[in-house]
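Down below is the structure, laid out as structure tokens.
What follows is calculated from the coordinates using simple rules that are stated; it is not laboratory data. All values reported here derive from a predicted model rather than from experimental measurement. Heads up, the Cβs are rebuilt from the backbone with ideal geometry, glycines too, and the neighbour counts pull from every protein chain shown.
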Amino acid sequence: MKFFLDTANTDDIRKYAELGLVDGVTTNPTIVAREGRDFESVIKEITTIVDGPVSAEVTANEADKMIEQARALAKWADNIVVKIPMTEAGLKAVSVLSKEGIKTNVTLVFSVAQGLMAAKAGATFISPFVGRLDDIGSDGVKLIKDLRTVLDNYGLKSEIIAASIRGVQHVEAVALAGSDIATIPAGVFGKMFKHPLTDNGLASFEKDWAEFEASQK
Ligand code: E4P
């Protein structure tokens, strides 16, 4: 499973990209607004840090305006993916853009029907929101499993990005469910390195080694 970072914070992206662990980045208007920086400059900077896909979202609601914004965004860098909301107008835009070779990520997917429609429209990526489904008492991970089955049943090529990831257990569960990608907030990504037994094991190795070295003097 590929790891994308779900952030527009270039310090975090740089830090984890240096480890060779970042396959791409997703942003949305909320995430970009949080950085308090100019949209174009932050997205362009991210595209220079990672080689993989960088999602930048349109803000228009009508198909024609989304298409216009998407064409402009796609010119910013070769690895731009245009994020389009899962609406009727959004899928109209995705159909046009996919024929032009512009990569798209259909966002705010909450059902198998929505994911299937986005895939048939030619979306490069589809983003089911796991955490937000869990928030309303639904099962986000089950949606990933079901979409995996449906895309495989019909040989549909869109890649699943498990989005709205809230913790390490979500990452593990969507990997088991067959997601192609998880897009992970930097805070959750940092926690994936850690396990208390790793810390305990390392502390005891260090203590035992120090005692052994002292005994050799
Ligand atoms: C996906 O690409 C979105 O940016 C993101 O995962 C939304 O997550 P949230 O539910 O934590 O806002």
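With the crude spin-label approximation of a point 7 Å out along Cα→Cβ, what separation in nm comes out for LYS217 versus LYS2?
5.3 nm
Tell me what the chain gives for mean residue ellipticity at 222 nm when only DSSP H runs of n ≥ 4 count, each as -39,500 (n - 2.57), the sum divided by the residue total, rounded to 500 deg cm²/dmol.
The helix contribution divided over the chain gives -16000 deg cm²/dmol.
To the nearest 20 Debye, how big is the dipole of the chain about its Cα centre, given +1 on the beta carbon of each Lys and Arg and -1 on that of each Asp and Glu?
460 debye
Can you tell me, using C-alpha contacts under 8 Å and at least 6 residues apart, the relative contact order of the chain as a whole percent?
17 percent
Please identify the trypsin sites (Lys or Arg not before Pro) of the range 160-195 that satisfy two criteria: DSSP loop assignment and at most 13 other Cβ atoms within 10 Å. Which are they?
LYS194
For the range 55-130, which GluC sites (Glu not before Pro) are both in a DSSP coil and crowded by at most 16 other Cβ atoms within 10 Å?
Filter output for the range 55-130: GLU62, GLU100.
Can you find, among ASN105, ALA118, PHE189, the residue sitting farthest towards the positive end of the charge dipole of the chain, where Lys and Arg contribute +1 and Asp and Glu -1 at Cβ?
ALA118
Treating only the Cβ atoms of Lys and Arg (+1) and Asp and Glu (-1) as charged, compute the dipole magnitude of the range 1-100 about its Cα centre; round to the nearest 20 debye.
The dipole of the range 1-100 has a size of about 120 debye.
Check each of the chymotrypsin sites (Phe, Trp or Tyr not before Pro) in the range 154-217 and keep only those in coil by DSSP with at most 11 other C-beta atoms within 10 angstrom; list them in order.
TYR154, PHE193
List every DSSP H helix in the chain whose Cα atoms extend 15 Å or more along the helix's own long axis and whose mean Kyte-Doolittle hydropathy is at least 0.0.
Helices meeting the span and hydropathy rule in the chain are 39-49, 88-99, 140-153.
In percent, how large is the relative contact order of the range 1-110, given Cα pairs closer than 8 Å and 6 or more residues apart?
21 percent
Taking the Cα centre of the range 73-157 as origin, work out the dipole magnitude from +1 charges on Lys and Arg Cβ and -1 charges on Asp and Glu Cβ, in debye rounded to 20.
My answer is approximately 240 debye.
Using the charge dipole of the range 2-215 (Lys, Arg: +1 at Cβ; Asp, Glu: -1 at Cβ; taken about the Cα centre), state which of GLY90, ILE161, VAL171 has its Cα farthest towards the positive end.
GLY90
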